[in-house]
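**Q** So that we are looking at the same thing, I have put the structure below in structure tokens.
The values are calculated or read from the model by the stated rules, or taken from the named source; none is laboratory data. This is a predicted model, so every value here is computed, not measured. Counting neighbours? That spans all protein chains shown, and the Cβs are built from the backbone with ideal geometry, glycine included.
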Amino acid sequence: MRAQDVIIVGGGIIGGAIALSLAQSKLRVAILERQLPGREASWAAAGMLSPAPDSPGAIPLVPFGRASLGLYPQFIAEVEELSGRRTGFRNHGAIELLFSADAERALSTLIALHHGLGLPTEPLPLDEARRLEPAIGREARAAALFAYESSVEPRALTAAVLAAAQAAGAELFPATPATRLLTEGRRATGVATNAETFAAGNVVLAAGAFSAALEGVAPPVAVRPIRGQMVALSSTEARFAHVVRSEHGYIVPRDDATPQRLVVGSTLEDAGFEKRVTPAGLEQILSAAQELAPSLGGAEIVETWSGLRPDTPDHLPILGPGEIAGLTFATGHYRNGILLAPITARLVREWILDRHVSMDWELFNPLRFAERNRDARAERSGSAAQKTGSAPRSR
């Protein structure tokens, strides 16, 4: 049996960032990864560092996104220094294009919402947008500038974070799937794998879409996979400095080389754990990319792939302690795992070391889905009792 202070189940960007933060605090940390580290959602991501909400349901996440984006410069500096690797960090901002007939009204609403959320998004005249990015399409009717946003190369970042964690003293165990949480009473004591057991007083569940596979966890992990397909283009004619996006898709420049590598995406598909690229998915992605920049129709497709985002019923992370002492959840980041890695690592470290956190994370309470299920069952029971003229049984 191997003894550690903390065992982290999951070797992606979230698990790696937590391991780095804890190892820097002089704790003995082991990362258990079911396959090659960093090869799931982190490897498949686009790498946009955007705290702006992409739907009304994402608005509660904005303060955490802003806080995490603020941590990124220091996070990148530490990771690159410890690992000796580059991460593809770019702080050139983003431009959003609006194509609808009521684009000006939609832009005004977007700006007002963002300013209310503390995001300094500004309207961008179309002639200025085209000066900044000559390749954007002529069909755009309005534009917004997100000068505060950044991007990163997720594959390079995740590899660098894991290397930095190891340099700080964490141990990495690839191809070591955790199968069962070990407990005594209602306290975590470690993790079992197919080959051996790992003992620790603290276990962090950061296995993304695969988090529910760990037996013995309470409450049950309400995470499901949502497939996202992606395409990489090599373009000589259309070149970009900024991330460019619309409600239909996005273009993320990876470098400033000629030809330039551009990542475009993505789809949102409830396809279970099936990772594949489909004609329909590619058509959707490439159509959105060409709406943003018509000259991309002549670009070369150099890579296609898909990944599994860890989604939850309310599309918000599952973060913090649950019913078992010593077990901390850090999963369900859905489309924001890359962005939220630094703040997640900070909060988990604070909880494990001090049992308090610097931001209120009650919104992400792992117990919230179990509580809602109990409330729903009680409501259904009460409704049934009213219909039959009897009172619901108490327990």
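**Q** Tell me the strands (runs of 3 or more DSSP E) entirely within the range 120-210 that contain at least 2 residues that are more than 19 Å from Phe240 (Cα to Cα) and within 27 Å of the chain's Cα centre (by Cα). I'd like the intermediate steps shown before the answer.
**A** Working: elements: 142-146, 171-173, 178-184, 187-193, 197-199, 202-205.
Qualifying strands (runs of 3 or more DSSP E): 171-173, 178-184, 187-193, 202-205.
**Q** Within the range 1-51, take every residue that is among the polar types (S, T, N, Q) and either within 13 Å of the chain's Cα centre (by Cα) or part of a loop (DSSP other than H, G, I, E, B) (or both) and give me the one that is nearest to Met230 (Cα to Cα). Break it down stepwise before answering.
**A** Of the residues in the range 1-51, the ones among the polar types (S, T, N, Q) are 4, 21, 24-25, 35, 42, 50.
Next, only the ones that are either within 13 Å of the chain's Cα centre (by Cα) or part of a loop (DSSP other than H, G, I, E, B) (or both) stay: 4, 25, 35, 42, 50.
Details: Gln4: 38, Ser25: 37, Gln35: 21, Ser42: 13, Ser50: 18 Å.
Looking at the filtered set, the residue picked out is Ser42.
**Q** Same structure again: Just to be sure, is Ser358 closer than 30 Å to Ala140 by Cα and among the polar types (S, T, N, Q)? Let's see the steps before the verdict.
**A** Values: closer than 30 Å to Ala140 by Cα: no; among the polar types (S, T, N, Q): yes.
No: the conditions fail for Ser358.
**Q** Would it be correct to say that Ile59 is surrounded by fewer than 23 Cβ atoms within 10 Å (Cβ to Cβ), in contact (Cβ under 8 Å) with a residue 24 or more places away in the chain and assigned to a helix (DSSP H, G or I)? Give the steps one after another, and end with the answer.
**A** Numbers: surrounded by fewer than 23 Cβ atoms within 10 Å (Cβ to Cβ): yes; in contact (Cβ under 8 Å) with a residue 24 or more places away in the chain: yes; assigned to a helix (DSSP H, G or I): yes.
Considered against the rule, which asks whether it is surrounded by fewer than 23 Cβ atoms within 10 Å (Cβ to Cβ), in contact (Cβ under 8 Å) with a residue 24 or more places away in the chain and assigned to a helix (DSSP H, G or I), Ile59 comes out as yes.
**Q** Among the residues of the range 239-255, is there at least one that is over 28 Å from Pro310 (Cα atoms), buried (at least 22 other Cβ atoms within 10 Å of the Cβ) and touching a residue at least 60 places away in the same chain (Cβ under 8 Å)?
**A** yes
**Q** Pairs needed: first member in the range 84-97, within 13 Å of Arg130 (Cα to Cα) and among the charged types (D, E, K, R); second member anywhere, modelled with pLDDT of 95 or more and crowded, with 17+ Cβ neighbours inside 10 Å; C-beta distance under 6 Å; at least 6 residues apart or different chains.
**A** Hits for this filter: Glu96/Ala144; Glu96/Arg245.
**Q** Out of the range 276-292, which residues are in contact (Cβ under 8 Å) with a residue 12 or more places away in the chain and of a type in the set (Asp, Glu)?
**A** Within the range 276-292, just Glu291 meets the criteria.
**Q** Any residue that is within 20 Å of Asn336 (Cβ to Cβ), surrounded by fewer than 17 Cβ atoms within 10 Å (Cβ to Cβ) and at pLDDT 95 or above - is there at least one of those in the range 96-114? Steps first, please.
**A** The initial filter retains those residues of the range 96-114 that are within 20 Å of Asn336 (Cβ to Cβ), namely 96, 110, 113-114.
In the following step, the residues that additionally are surrounded by fewer than 17 Cβ atoms within 10 Å (Cβ to Cβ) were identified as 113.
Next, from what is left, pick out any that are at pLDDT 95 or above: 113.
For the range 96-114, residues within 20 Å of Asn336 (Cβ to Cβ), surrounded by fewer than 17 Cβ atoms within 10 Å (Cβ to Cβ) and at pLDDT 95 or above: present.
**Q** Now a separate question. May I ask you to verify whether Arg90 is among the basic types (Lys, Arg) and surrounded by fewer than 21 Cβ atoms within 10 Å (Cβ to Cβ)? Working first, answer last.
**A** Values: among the basic types (Lys, Arg): yes; surrounded by fewer than 21 Cβ atoms within 10 Å (Cβ to Cβ): no.
It is false that Arg90 is among the basic types (Lys, Arg) and surrounded by fewer than 21 Cβ atoms within 10 Å (Cβ to Cβ).
**Q** Answer yes if at least one residue in the range 204-222 is modelled with pLDDT of 95 or more, surrounded by 17 or more Cβ atoms within 10 Å (Cβ to Cβ) and more than 24 Å from Leu316 (Cβ to Cβ), and no otherwise.
**A** no
**Q** Consider Met48 against the criteria (1) more than 20 Å from Gly208 (Cα to Cα); (2) in contact with a helix residue (DSSP H, G or I) (Cβ under 9 Å, 6 or more places away or on another chain); (3) in contact (Cβ under 8 Å) with a residue 24 or more places away in the chain: it satisfies all of them except one. Which criterion is unmet?
**A** Answer for Met48: the failing condition is (1).
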